[in-house]
Amino acid sequence: MNSFTIKVAGQIIEIATLHVRPLVICRDFIVDGIPSFKISTTQEDIDFEREKCKFARDDEPTDQELEVTALLRKISEGIVDYGAFVMHGAVIAFENKAYLFTGKSGTGKSTHIYLWKKNLPNAYIVNGDKPFILAGETPMACGSPWTGKEGVFTNTMVPLAAIVVMERSENNDMRRISFSEAFPTLFQQIYRPADGLRMRKTLDMLKALNGKVAFYRFKFNNLKDDCFEVAYTSLVGERK
């Protein structure tokens, strides 16, 4: 058994796992302190993840890999009680504002935020796949150990300025949309707890972003610098 304590989205979580890989994944988030809640993973949790992904992958994931996923699932359930939820997306931070790009898998979210990092020396990636969103008067985009294939993250929390729904198109175009227009995609991309009460809490937190965060639809036809310029101009303004 491996025991350690991490801090994610402002909450300290005590963790016990069967394998060492979750500890390695979480090493940059390890802290001392009194935990808000505790989580342990079991072989049953690992077997559950294997059953969930058996038709989604061509290869056979190891117990270590599956335990990392099981740990994320349990944290995603528990942290809802402390005012945070998980969203599938890629977050870039620039001038103390976070911009979250979301959409279907394979759309190009991670590739796009790398364009920001390439073109803006002071920009940095908060998380490339599974950021936590801390609800409140000022919503925050929070780094997490679950970062996708690229494995890039920053252990930080940054005020969330905008959520951008990405869609492939023939032209590069970005416009501001209402929360109700963004909601179908947002609902698909958040972690949806199995527990009914926690699901309602998650939806309440998502709805509370309305009026505090700007929403955009970004239709794009490439993942090159001109695509970045369209997004940057819409979100930040003309570059000096």
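If the condition is being modelled with pLDDT under 90 and touching a strand residue (DSSP E or B) at 6+ places or on another chain (Cβ under 9 Å), then segment 213-225 contributes PHE220, ASN221. Is it true that GLY143 is in contact with a Gly (Cβ under 8 Å, 6 or more places away or on another chain) and not aliphatic (A, V, I, L, M)? So GLY143 fails the test.
Taking every residue in segment 215-227 that is in contact (Cβ under 8 Å) with a residue 60 or more places away in the chain and assigned to a helix (DSSP H, G or I) and pairing it with any residue that is surrounded by fewer than 16 Cβ atoms within 10 Å (Cβ to Cβ) and not small (Gly, Ala, Ser), at least 6 positions away or on another chain, the pairs with Cβ-Cβ distances below 7 Å are ASP225/ASN119.
Results for (1) closer than 23 Å to LEU134 by Cα; (2) among the aliphatic types (A, V, I, L, M), shown as yes or no for each residue.
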{"residue": "ALA9", "(1), (2)": "yes, yes"}
{"residue": "ALA16", "(1), (2)": "no, yes"}
{"residue": "GLU67", "(1), (2)": "no, no"}
{"residue": "ALA70", "(1), (2)": "yes, yes"}
{"residue": "SER76", "(1), (2)": "yes, no"}
{"residue": "TYR82", "(1), (2)": "yes, no"}
{"residue": "HIS88", "(1), (2)": "yes, no"}
{"residue": "GLU95", "(1), (2)": "yes, no"}
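The condition of being hydrophobic (A, V, I, L, M, F, W, C) and under 15 Å from the mean Cα position of the chain (by Cα) holds for only one of ILE92, ILE30, that being ILE92.
Among residues of segment 135-152 that are charged (D, E, K, R), those with a Cβ under 8 angstrom from a residue that is surrounded by 13 or more Cβ atoms within 10 Å (Cβ to Cβ) and not in a loop (DSSP other than H, G, I, E, B), sequence gap 6+ or separate chain, pair up as LYS149/SER110; GLU150/SER110.
Hey, any hits in segment 229-237 for a residue that's surrounded by fewer than 16 Cβ atoms within 10 Å (Cβ to Cβ), farther than 20 Å from SER76 by Cβ, touching a strand residue (DSSP E or B) at 6+ places or on another chain (Cβ under 7 Å) and in the same structural domain as GLY106 (by TED's automatic domain parsing)? No - not one qualifying residue is present in segment 229-237.
Of all residues in segment 53-75, those that are farther than 13 Å from TRP146 by Cβ and surrounded by fewer than 20 Cβ atoms within 10 Å (Cβ to Cβ) have Cβ atoms under 6 Å from Cβ atoms of residues that are basic (Lys, Arg) and at pLDDT 85 or above, 6 or more apart or on another chain, in GLN64/ARG21.
Number of residues in segment 1-17 that are assigned to a strand (DSSP E or B) and in contact with a Phe, Trp or Tyr (Cβ under 8 Å, 6 or more places away or on another chain) equals 7.
The values are calculated or read from the model by the stated rules, or taken from the named source; none is laboratory data. Quick caveat, the model's predicted, so the values are computed rather than measured. Heads up, the Cβs are rebuilt from the backbone with ideal geometry, glycines too, and the neighbour counts pull from every protein chain shown.
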